[in-house]
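Participant: This is the structure, below, for whatever I ask next.
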Amino acid sequence: MNRLLVGGIGISLLGALLYVVGIATPAWMEAEEQQGLKKEEFGLWQICGTYRGVTICTAYPDTTMSTMSGALHATRAFAIIGSLMLIPGIALACFAAKKNINKGKLIGGALTIAGGVCGVIAAAIFAGRVNAVLQPGVAVPYGYSFHLTWAQAVFTIGGGVAMIVAGRRDQEDELPVLRD
């Protein structure tokens, strides 16, 4: 097992952790009232409100879900699709590393890259929708969950590329040497 593959799997795992925390936590947008008495966080799955130090989170009710924009539904869909590609991609690369299967390294790397790209698409759709609703010049109070979803791309895409490069190098090492 080469170090490039191990490094690719390692940073992809870090990216997957950022990805899962980013899509699961409710801080995609934050709103705070004057004097800091009330704070609200909006996520993909729930809304949390903090008042005088007490935080209460509630899931979006079914009636609200049907009236939400298609952009939020697309954001949620890409977030889930990305995680469904990312986790198996890393698992396949780990299995391929153990069994030394080059094709598995390549496919695992490609799935990891695709999962990371889905996370970027989800965050971009969300940002586009929020910026379309707000008036020009208004600062958007994005939360840490939104930023984690962007940051994961560096790790997952970089790790996926490292997996693919490691798989290709191993394929080249297995080619027969031709002598003249």
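Participant: Compute the helix-to-body angle for 3-24: its Cα long axis versus the longest principal axis of the chain, expressed 0 to 90° and rounded to tens.
Facilitator: With both axes taken from Cα atoms, the answer is about 20 degrees.
Participant: Could you list the square roots of 5 times each eigenvalue of the Cα gyration tensor of the chain, that is, the equivalent ellipsoid semi-axes, sorted largest first and rounded to whole Å?
Facilitator: Semi-axes, largest first: 41, 15, 14 Å.
Participant: Suppose a student asked you for the relative contact order of region 1-90, using Cα pairs under 8 Å spaced at least 6 residues apart; what percent would you report? Show your work: numbers first, answer last.
Facilitator: Numbers: 82 pairs, mean separation 19.3, N = 90.
Relative contact order, region 1-90: 21 percent.
Participant: Sticking with this one: Would you look at the GNM of the chain, springs on alpha carbons closer than 10 Å, and say which of Leu134, Leu106, Leu14 moves the most?
Facilitator: Result for the chain, Cα springs under 10 Å: Leu134 fluctuates most.
Participant: Can you list the HN-Hα couplings for region 112-121, worked out from phi with the Karplus curve (6.51, -1.76, 1.60; θ = phi - 60°), rounded to whole Hz and with x for Gly and Pro?
Facilitator: 5, 4, 4, x, x, 5, 4, x, 5, 4
Participant: While we're on this one: Please return the longest range in the chain lying between exposed loop sites, taking trypsin sites (Lys or Arg not before Pro), DSSP loop only, at most 10 other beta-carbon atoms within 10 Å, and leaving the sites out.
Facilitator: On the way: sites that count: Arg52, Arg179.
The reported range is 53-178.
Participant: Something else: Using modelled backbone amide H atoms (1.01 Å from N, in-plane), which distant-in-sequence or interchain residues come within less than 5 Å of Leu44's amide H?
Facilitator: Trp28
Participant: Quick one: compute the contact order of the chain, relative version, from alpha carbon pairs under 8 angstrom and 6+ residues apart, as a percent.
Facilitator: Reported relative contact order: 34 percent.
Participant: Given only helices, namely DSSP H runs of n ≥ 4 each adding -39500 (n - 2.57), what is the per-residue ellipticity at 222 nm of the chain, to the nearest 500 deg cm²/dmol? Intermediate values should be presented prior to the final figure.
Facilitator: Values: 5 runs with 121 residues, N = 180.
Helix-only estimate at 222 nm: -23500 deg cm²/dmol.
Participant: Once the other residues with Cβ under 11 Å from the Cβ of Glu40 are scored (Lys, Arg +1; Asp, Glu -1), what is the net sum? Can you show the working numbers first?
Facilitator: Details: positive: Lys38, Lys39; negative: Glu30, Glu32, Glu33, Glu41.
Summing Lys/Arg as +1 and Asp/Glu as -1 gives -2.
Participant: Would you kindly derive the ³J(HN,Hα) couplings of region 143-159 from the backbone phi angles with the Karplus curve 6.51 cos²θ - 1.76 cosθ + 1.60 (θ = phi - 60°), listing them in order in whole Hz, with x for Gly and Pro?
Facilitator: x, 5, 4, 4, 5, 5, 5, 6, 5, 4, 4, 4, 7, 6, 5, x, x
Just so you know, all these numbers are worked out from the coordinates, no wet-lab data involved. All values reported here derive from a predicted model rather than from experimental measurement. Virtual Cβ from ideal backbone geometry, glycine too; neighbours counted across all protein chains shown.
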